[in-house]
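**Student:** The structure under discussion is supplied below as structure tokens; questions concerning it will follow.
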């Protein structure tokens, strides 16, 4: 029997690499559509010989998208950017690009389209990122009504850009920043709340959505088992990195001022729009189904995050722990 072919846009990113490995283990033929095939070559060993192919593509080019989707049974769109900078800005990637993929999938007769959006996607959000994600969902629905849409909370895992960023901060600086609206030096100032979801749980749900029936035209909110205030996250990072850094409270208004300049770096460390997202937090609405529909028990932060935050520990602490384990 011929194995089904899935085309994954953005397959070399954080979530993408996990999804490629997961689907390869299930026997899918996988076509990874990326801008730089050389940079994505690390994905090839995730499958058997010839199981995973890399094709050059940018979702701003309808012709290359159509070519990437040829003979595909399913398609996953994981393309996303965290800062708005032309030519790969929010509208270009999250709206126009998503529409291009959805229209091409319809034209190619693709059976299933899985579009990955974001928790908090909302046309009325103060964040341009969240607005563009909501607009992207609308364009996808219009072009491919049976698309399945996933809205994950902050996704954590070994290569994530959330806990690792705080871990790096603890490693390099004498403090860890806590953004808050209240008196930042008050111990009760907890900051916004987040409900991180494990990347392994996300890709398991994605695989089920691609292989099973009953998910067409539905939107899912994927979240972890519990919400964490920003102060709890900072405390966890401090504990697991064994740095015991000072927690430096920073009001959002000051954070936005600093972000105005930080966004000018070649790779922005922080943008004003990201500050808005941090202020909003990242929690499920509770109005959409989640991981339970797929029979998945969410993995806790405490099980996974310590395994990779330890890379930010002082060398002498890591050596001490190794000696104690003998």
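The values are calculated or read from the model by the stated rules, or taken from the named source; none is laboratory data. Everything numeric in this text was worked out from a predicted model, so none of it was measured. Positions of Cβ are backbone-derived with ideal geometry, glycine not excepted, and every protein chain shown enters the neighbour counts.
**Student:** Can you say whether residue 194 is crowded, with 23+ Cβ neighbours inside 10 Å, touching a residue at least 60 places away in the same chain (Cβ under 8 Å) and over 28 Å from residue 23 (Cα atoms), as far as the supplied structure shows?
**Tutor:** Numbers: crowded, with 23+ Cβ neighbours inside 10 Å: yes; touching a residue at least 60 places away in the same chain (Cβ under 8 Å): yes; over 28 Å from residue 23 (Cα atoms): yes.
Yes; evaluated as a whole, the condition is true for this residue.
**Student:** Would you pick out the residues in the stretch 130-170 that are under 13 Å from the mean Cα position of the chain (by Cα) and over 17 Å from residue 14 (Cα atoms)?
**Tutor:** If the condition is that a residue be under 13 Å from the mean Cα position of the chain (by Cα) and over 17 Å from residue 14 (Cα atoms), then 133 is the only one that fits.
**Student:** Being assigned to a loop (DSSP other than H, G, I, E, B) and touching a helix residue (DSSP H, G or I) at 6+ places or on another chain (Cβ under 9 Å) is the filter here, so list the residues in the stretch 243-269 that pass it. Steps first, please.
**Tutor:** Keep residues of the stretch 243-269 that are assigned to a loop (DSSP other than H, G, I, E, B), which gives 243-245, 263-269.
Listed by number, the residues that qualify are 243, 244, 245, 263, 268, 269.
**Student:** Something else: Scan the stretch 94-109 and give yes if some residue there is surrounded by fewer than 19 Cβ atoms within 10 Å (Cβ to Cβ) and in contact with a strand residue (DSSP E or B) (Cβ under 7 Å, 6 or more places away or on another chain), otherwise no.
**Tutor:** Taking every residue of the stretch 94-109 in turn, none turns out to be surrounded by fewer than 19 Cβ atoms within 10 Å (Cβ to Cβ) and in contact with a strand residue (DSSP E or B) (Cβ under 7 Å, 6 or more places away or on another chain).
**Student:** So, one more: Please find, among 235, 216, the residue that is part of a loop (DSSP other than H, G, I, E, B), surrounded by fewer than 21 Cβ atoms within 10 Å (Cβ to Cβ) and not assigned by TED's automatic domain parsing to the domain that holds residue 24.
**Tutor:** Working: 235 fails: part of a loop (DSSP other than H, G, I, E, B).
Result: 216 is the single residue among 235, 216 that is part of a loop (DSSP other than H, G, I, E, B), surrounded by fewer than 21 Cβ atoms within 10 Å (Cβ to Cβ) and not assigned by TED's automatic domain parsing to the domain that holds residue 24.
**Student:** Which residues, counting only those in the stretch 276-308, are in a helix (DSSP H, G or I), at pLDDT below 95 and touching a strand residue (DSSP E or B) at 6+ places or on another chain (Cβ under 9 Å)?
**Tutor:** Hits for the stretch 276-308 are 278, 279.
**Student:** Within 19 Å of residue 284 (Cα to Cα) and outside any strand (DSSP E or B): is that true of residue 145 in this structure? Show your work before the answer.
**Tutor:** Values: within 19 Å of residue 284 (Cα to Cα): no; outside any strand (DSSP E or B): yes.
No; evaluated as a whole, the condition is false for this residue.
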